[in-house]
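Undergrad: Okay, here's the structure, questions in a sec.
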Amino acid sequence: MVQAVKDSAKTHWVNRAPIGIRPYLQLSRLDRPVGYWLLALPGWIGLAFAGLSHDLVWRDLVWAVLILIGAIAMRGAGCTYNDIVDQDLDAQVERTALRPLPAGTVTTRRAWIWAFAQIGIGFLVWLCLPLLAKGIALLALPLVAAYPFMKRITWFPQVWLGMTFNWAVLVAYAAKTGVMSAPLFLLYLGLIFWTVGYDTIYACQDIEDDAMVGIKSTARKFGGRLRFGVFICYSLFVVFGLISTASVAFNYSPDAFFHWFIAIAIWCPSIFCLVVFLHKFRPPNFEQSLKIFKSNWIIAAFLIFNMMALNFIPWDSI
C-alpha cells in the first residue's frame, strides 16, 4: 500500500495517481510543488533583474518556460538522489518515514533509474542554453551532489541549499544577457540568505527527530534564538537585494536618490510579507512553520512583478 507522505496533502493528485507510478511521483516531490517553484522563481527573478538593464523581450518567455521545466526535472532528480542517500536517516524521522525508499514501495535500483530519467529531461533543457549559461549550469552539479551530505558535517546545510536552489538566477541572467555582473552576485548572495531563512523555518518541523538521529540544521543551531536567526537571514536578503537593485537603477536616472527610490519601491511588498512571516513565526508551532515556508513564493512573485513593471513605465516622459 502506497501511503501519502506526512507533509503531503492527501487530496493532491499525486496521492490519487495509479499505485504503480505513485512512488516515483513522490520521489520527485510532485505532491509538494512549492519546492520546484522555489527553484524556478530565482531563475525568473534573474530574467526580471536582467530586464532592468537589458529590457524585456518576447524571447524571455522561452527562457522562463525552459527554467520551469528544468526546475521541475532537476528538483525531482535532486530529491530522488537525496532520498537514495538519506533513506536510512529518513526511516528514523517521523515526517519522512513514509517516503518511498524507507517505506519499501520502490527499490534503490529503480530510484536510480528514475533519477537519471529526470536528469535526461534536464539535459535537454541544458542543450537549449547559450554557451555561457551552459557553463554556469554545469558548475551547479557539485553543489547538488554534495548537498545530501551537508546535514552530516555542518550546522549550516541551509547555506549550501541556498547556494544550490538559487543558482538559476545566475543561469537565467547569463542566458538573457550573455554576461555576468557584480549586482547579480549581490542579488544571488541575498537570495541565499532568503533560502536559509525559509528553510530554517521548514526545518523546525524535525528538530526533535533530527536531534535523536544526529542531523544538523540551522533550526537546531539557532536554538532558543530561532526567530532572531530567521530575522537576520531575511534582513540580509533585503539588504543585499536593495543594494543590487539600486546598482542597476542608473539606467533610469543618474540621481543616486532615485536609484534607492526605485529599489525600495520594488522591494516594499516583499519586505511587508517578510515582516508578516516573522510576526507569525512562533516555534514550536510546526503547522504554522510549514504554512509560512510554503508562502515564501509570494516574496519572489512580488519581486518579479515589480521588476517587470518598470519596463512598461514611459520614463522618457517623466
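The values are calculated or read from the model by the stated rules, or taken from the named source; none is laboratory data. Fair warning: this is a prediction, and the values are worked out from it, not measured in the lab. In this analysis, Cβ positions are derived from the backbone assuming ideal geometry, glycine residues included, and neighbour counts consider all displayed protein chains.
Undergrad: Count, please, the residues in region 53-69 that happen to be farther than 13 Å from Met307 by Cβ, modelled with pLDDT under 85 and charged (D, E, K, R).
TA: So the answer is 0.
Undergrad: OK, next. For a quick check of your reading: which helices (runs of 4 or more DSSP H) sit entirely within region 33-104 and have at least 1 residues that are surrounded by fewer than 18 Cβ atoms within 10 Å (Cβ to Cβ) and in contact (Cβ under 8 Å) with a residue 40 or more places away in the chain?
TA: Per the criteria, 34-54, 59-90.
Undergrad: Another question, then. Could you please tell me which pairs satisfy a Cβ distance under 7 Å, a separation of 6+ or placement on different chains, a first residue in region 105-130 that is on the phi < 0 side of the Ramachandran plot, and a second residue that is not in a helix (DSSP H, G or I)?
TA: Thr105/Val2; Gln118/Ser28; Pro130/Gly178
Undergrad: If you don't mind, another one. Any residue in region 11-30 that is within 20 Å of Ala300 (Cα to Cα) and in a helix (DSSP H, G or I)?
TA: No: region 11-30 contains no residue that is within 20 Å of Ala300 (Cα to Cα) and in a helix (DSSP H, G or I).
Undergrad: Further, regarding this structure: Given the conditions (1) assigned to a helix (DSSP H, G or I); (2) touching a helix residue (DSSP H, G or I) at 6+ places or on another chain (Cβ under 6 Å); (3) more than 18 Å from Asn82 (Cβ to Cβ), which single one is not true for Trp155?
TA: (1)
Undergrad: In addition: Which one of these is closer than 30 Å to Val57 by Cα and either within 13 Å of the chain's Cα centre (by Cα) or among the small types (Gly, Ala, Ser) (or both): Gly197, Gly223, Gly162, Gly229?
TA: Being closer than 30 Å to Val57 by Cα and either within 13 Å of the chain's Cα centre (by Cα) or among the small types (Gly, Ala, Ser) (or both) holds for just one of Gly197, Gly223, Gly162, Gly229, which is Gly162.
Undergrad: In addition: What's the number of the only condition in (1) more than 18 Å from Ala145 (Cβ to Cβ); (2) surrounded by fewer than 16 Cβ atoms within 10 Å (Cβ to Cβ) that Thr108 fails to meet?
TA: Among (1) more than 18 Å from Ala145 (Cβ to Cβ); (2) surrounded by fewer than 16 Cβ atoms within 10 Å (Cβ to Cβ), the lone unmet condition for Thr108 is (1).
Undergrad: Something else about it: It is to be established whether one or more residues within region 238-258 are at pLDDT 90 or above, of a type outside the set (Lys, Arg) and within 14 Å of Lys151 (Cβ to Cβ).
TA: There is no residue in region 238-258 that is at pLDDT 90 or above, of a type outside the set (Lys, Arg) and within 14 Å of Lys151 (Cβ to Cβ).
Undergrad: Can you name the number of the only condition in (1) farther than 22 Å from Ile266 by Cβ; (2) touching a helix residue (DSSP H, G or I) at 6+ places or on another chain (Cβ under 9 Å) that Leu141 fails?
TA: In the conditions (1) farther than 22 Å from Ile266 by Cβ; (2) touching a helix residue (DSSP H, G or I) at 6+ places or on another chain (Cβ under 9 Å), Leu141 misses (2) alone.
Undergrad: Same structure, new question: Give all pairs with beta carbons closer than 9 Å in which a residue from region 208-227 that is on the phi > 0 side of the Ramachandran plot meets a residue that is surrounded by fewer than 16 Cβ atoms within 10 Å (Cβ to Cβ); count only pairs at least 6 apart in sequence or on separate chains.
TA: Gly214/Arg152
Undergrad: Considering region 105-137 alone, what residues qualify as being under 25 Å from Val213 (Cα atoms) and assigned to a loop (DSSP other than H, G, I, E, B)?
TA: Selection gives Thr105, Val106, Thr107.
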